[in-house]
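Each remark here refers to the structure printed beneath this line.
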Number of protein chains: 2
Amino acid sequence: MTNSRRGRSASAEDVAKLAGVSRASVSRVFSDQGNVARETREKILQAANELGYQVNFLAQGLNRKRSQLIGVVVARLSDPFRSSLLEGLLSEIQRKGYQALVTEVRDANELEMTIRRFTQFRVSGVVVTSGQPPADLVKECVQHNIPVVGINRHMDIPYVDFVCSDNKMAASLVAEQFIRCGCKSIGWLNYKESTWSGINRGKVFYQVMVEKGACDESDLLQITAEMDGYEGGRQAAHRFCEQGKIVDGVFCANAQLACGFLDGMRENGFDAPADFHIIGFDNTPQTAQYSYRLTTIHQDVLETAKRVLSRLEARGQDPHIVQSIEEIPVKLVIRNTSPNFEPTMIRAK
Amino acid sequence: MTNSRRGRSASAEDVAKLAGVSRASVSRVFSDQGNVARETREKILQAANELGYQVNFLAQGLNRKRSQLIGVVVARLSDPFRSSLLEGLLSEIQRKGYQALVTEVRDANELEMTIRRFTQFRVSGVVVTSGQPPADLVKECVQHNIPVVGINRHMDIPYVDFVCSDNKMAASLVAEQFIRCGCKSIGWLNYKESTWSGINRGKVFYQVMVEKGACDESDLLQITAEMDGYEGGRQAAHRFCEQGKIVDGVFCANAQLACGFLDGMRENGFDAPADFHIIGFDNTPQTAQYSYRLTTIHQDVLETAKRVLSRLEARGQDPHIVQSIEEIPVKLVIRNTSPNFEPTMIRAK
DNA sequence: CAAAACACTGAACACGTGTTCATTTTTTGA
DNA sequence: TCAAAAAATGAACACGTGTTCAGTGTTTTG
């Protein structure tokens, strides 16, 4: 009786009627726009409270031609780093008053369908955490004035911004650590069909190593995993040992590979840091655990998320600003698998 | 020129004009409702294709009083099981043609705000993967005819359905395994301020153990972790050893606690299965890895997700069906920390 | 062959909001 | 005190869809 006629939720019309004002004023109060006298505002708020009124976001979005939704494209959430990145994004999206529309995507075709559906919801922005945004789809977004931001990759697509962990900085930190520890023959472990960021990390790492004179071309050993993830790293280690190869230090494209490789080496009787140093990427919780204590590059997901939203809002304001590519600083977290040993202590075995 | 006037996306009106029919027919084609001649349908589809027309979901939802969104409440995605559960839900939600509106929630207050926002988007359903749905908020959903389903808990809220892993079955499987292995003094490890499902698992486990005569009251040892997650389990193990206690077999409320406890015991010189058996809950990827090889209860997240959506749709059709509480069968995955040993092999040390 | 059933179409309304524009009321400045 | 400026208000339109209802032409039925 006191509220919502016939189960339907109250509309601004109902509130206006009860408060004895026009619907326009109600709209003004709830969209915080235009002027409204303090007295009538209070009347309206009280009536709204009594009726349990809440703005209908669908109608609001229809009118404004823009919803307060943000589309997020994710993939392989089973990877701990991916899920922690999503966690950061969600946190920041909500803090800014938006709502996340999350879609998991497997192949490029699904990505196309997904982004198309995002536009149908008139999202305020699209965040692509994985996979390469197809050029024509992005063009469609630009036509609709929907900002697009990609994470941990950068490419030359006009009007699409990118936020990426600073792979060059990561490479430098790792190279310096290896040099400091006296590592001579260095390995780079990556998945055969890696992501853009994986490939880029390897490329930059190689450049930096040569730059610093830490190794000749022949010294940098490419270790290729046939599978991704923990199991891929482990099998790579087994193959590595079978072939009788040897390394001082290994840098891995991600945490999963690193843990797997370390365990695989252990199964073959080698351990870090006694026999070799190993450094991972992505400071996932697992790498900190007792069984691993992995020295690792730490990506700041919260800072990443903040930059992403900041870019979205900037381009939402003015769609024609120049493309921005931001690099987020990383840290080297020193743990057991590459401690601050004296050079002489390495290869003690 | 060929499409969308002035950057605005094409509307059904535009399509109708180009195809030389009324807007009503366009709507009929795209909502797959009512009759429309094959010939005109084709004209319309061609015109739509030419203009790149796509239904505006906001307008559609406004009219239908229901969007094709489904609200998902999550918490602590850093827990691998939580993220794999979300993965399953996303997959199923998309397969059914919906879109997931994901919100991470920390305290009960946030949960309230969140569900309220869900109703503002006129979602087709709400999935609560964590936290207790506040009774009055749920009442609000029921008033709006929005179905609500909770996961891994069940409570007596009218018109709210629950889907829960079969904790009784899990307890039986574990109890039988411990009995088969000749374990005598059993421990139950849980976080001090555990979730509903954690507490329930412990309660049911205790019941089953007594039922089967596997242990007296005095034999079941409650091990309480002061923190949640890996570190909590590890510290619990240290305290446990300090107090000089001893157990045959330990059952853990979740995988994180289990891994932590195992590592903690290892730091104290005890290992499984040589010194004790340990069985975890949630078959997360980590538990399968070389360093753990944890025997564990496996929850079927995909089946859970399927049931959830099935319940959502059922109650969407008829809001007044009786409350349904479904139990999803679980499996015991035998690995190294509680293998199929002969009874005599246990406690060999 | 008339009548009834059927397939198809378009005009008009409803959904709930934001916003413009003209109008009324209040405040300001001398 | 009065003109001018500022603030507050309400009527009306637009956003893009689904759906009802009446109307037209076409096929089936008895």
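Per-residue mean of foreign Cβ neighbours for A:112-120 is 3 (Cβ atoms of other chains, 10 Å radius). Placing unit charges on the Cβ atoms of the charged side chains and taking the dipole of the stretch A:5-55 about its Cα centre, the candidate lying farthest along the positive direction among A:GLY34, A:GLN54, A:SER9 is A:SER9.
Using a 1.4 Å probe over protein heavy atoms, the accessible area lost on pairing B with A, summed over both chains, comes to approximately 5200 Å². Of the trypsin sites (Lys or Arg not before Pro) found in the stretch B:38-108, those that fall in a DSSP loop while having at most 12 other beta-carbon atoms within 10 Å are B:ARG106.
In terms of the Cα gyration tensor, with a ≥ b ≥ c the square roots of its eigenvalues, is the stretch A:69-117 rounded because a/c is under 1.5, prolate because a/b exceeds b/c, or oblate? Judged from the Cα gyration tensor, the stretch A:69-117 comes out oblate (a/c at least 1.5, b/c at or above a/b).
For B:ASN336, the point set 7 Å out from Cα toward Cβ sits 1.5 nm from its twins in the other copies, listed from shortest up.
Note down the relative contact order for the stretch B:5-55 as a percent, whole number, built from C-alpha pairs under 8 angstrom at least six residues apart.
About 45 percent, as a whole number.
Please give the per residue volume of the convex hull enclosing the alpha carbon atoms of the stretch A:202-270, rounded to a whole number of Å³. It comes to 85 Å³ per residue, whole-number rounded.
Across peptide A:250-260, the mean count of Cβ atoms from other chains lying within 10 Å of each residue's own Cβ comes to 1. Pairs of alpha carbons in the stretch A:5-55 separated by more than 19 Å make up 15% of all such pairs. Loop-located GluC sites (Glu not before Pro) in the stretch A:197-292 (DSSP state other than H, G, I, E, B) with a sparse environment of at most 14 neighbouring Cβ atoms within 10 Å: A:GLU226.
Annotation note: trypsin sites (Lys or Arg not before Pro) in the stretch A:211-293 located in DSSP loop regions with a Cβ neighbour count of at most 13 within 10 Å are A:LYS245. Applying 1/(1 + (r/R0)^6) with r as the Cβ-Cβ distance of A:ILE246 and A:ILE321 and R0 = 56 angstrom yields a FRET efficiency of 0.65. Sorted shortest first, the distances from the A:TRP196 label point to those of the same residue in the other copies are 4.2 nm; each point sits 7 Å from Cα along Cα-to-Cβ. When the Cα atoms of the stretch A:119-212 are aligned to their principal axes, the ranges along those axes come out at 56, 23, 19 Å in descending order. Heavy-atom surface analysis with a 1.4 Å probe gives the stretch A:218-349 a carbon and sulfur content of 51 percent of its accessible area.
The tail of the calculated P(r) for the stretch B:162-280 beyond 26 Å holds 12 percent of all Cα-Cα pairs. If the Kirkwood radius is taken over C-alpha pairs of chain A, then at 37 °C and 0.692 mPa s the Stokes-Einstein diffusion coefficient equals 142 µm²/s.
Over all residues in A:97-104, what is the mean tally of Cβ atoms on other chains that come within 10 Å of each residue's Cβ?
Shielding by partners across A:97-104 averages 6.
Rounded to the nearest 20, the Cβ-based charge dipole of the protein assembly as shown about its Cα centre (Lys and Arg +1, Asp and Glu -1) stands at 2360 debye.
Please get the size of the charge dipole for the stretch A:5-55, origin at its Cα centre, with Cβ charges of +1 on Lys and Arg and -1 on Asp and Glu, quoted in debye to the nearest 20. Magnitude of the dipole: close to 180 debye. Comparing Cα centroids, the stretch B:62-100 and the stretch B:257-311 end up 25 angstrom apart.
Considering only beta bridges that DSSP places wholly inside the protein assembly as shown, some 10 percent are antiparallel. Taking 22 Å as the straight-line reach from the Cα of A:LYS96, the lysines in range (excluding those fewer than 8 positions away in the same chain) are A:LYS65, A:LYS306.
An oblate overall shape is assigned to the protein assembly as shown, the ratio a/c of its alpha-carbon gyration tensor axes (a ≥ b ≥ c) being 1.5 or greater and a/b not exceeding b/c. Run the paramagnetic zone check for A:ALA37: 7 angstrom along Cα to Cβ, then residues of the stretch A:43-75 with backbone nitrogen under 18 Å. Under 18 Å, as judged by backbone N against the label point of A:ALA37, lie A:43-47 of the stretch A:43-75.
Of B:VAL163, B:LEU257, B:LEU294, which is farthest along the charge dipole of chain B in the positive direction, counting Lys and Arg as +1 and Asp and Glu as -1 at C-beta? Working it through, the farthest residue towards the positive pole turns out to be B:VAL163. Each Lys and Arg contributes +1 and each Asp and Glu -1, all at the Cβ; summed about the Cα centre of chain A, the dipole is approximately 1440 debye.
The values are calculated or read from the model by the stated rules, or taken from the named source; none is laboratory data. The shown structure was predicted, so the numbers you read here are calculated from the model rather than taken from an experiment. Here the Cβ is made from the backbone with ideal geometry for all residues, glycine too, and neighbour counts use every protein chain on show. Heads up: the accessible areas ignore ligands, DNA and RNA and are worked out on the full protein's heavy atoms, side chains in. Shrake-Rupley method; radii C 1.70, N 1.55, O 1.52, S 1.80 Å.
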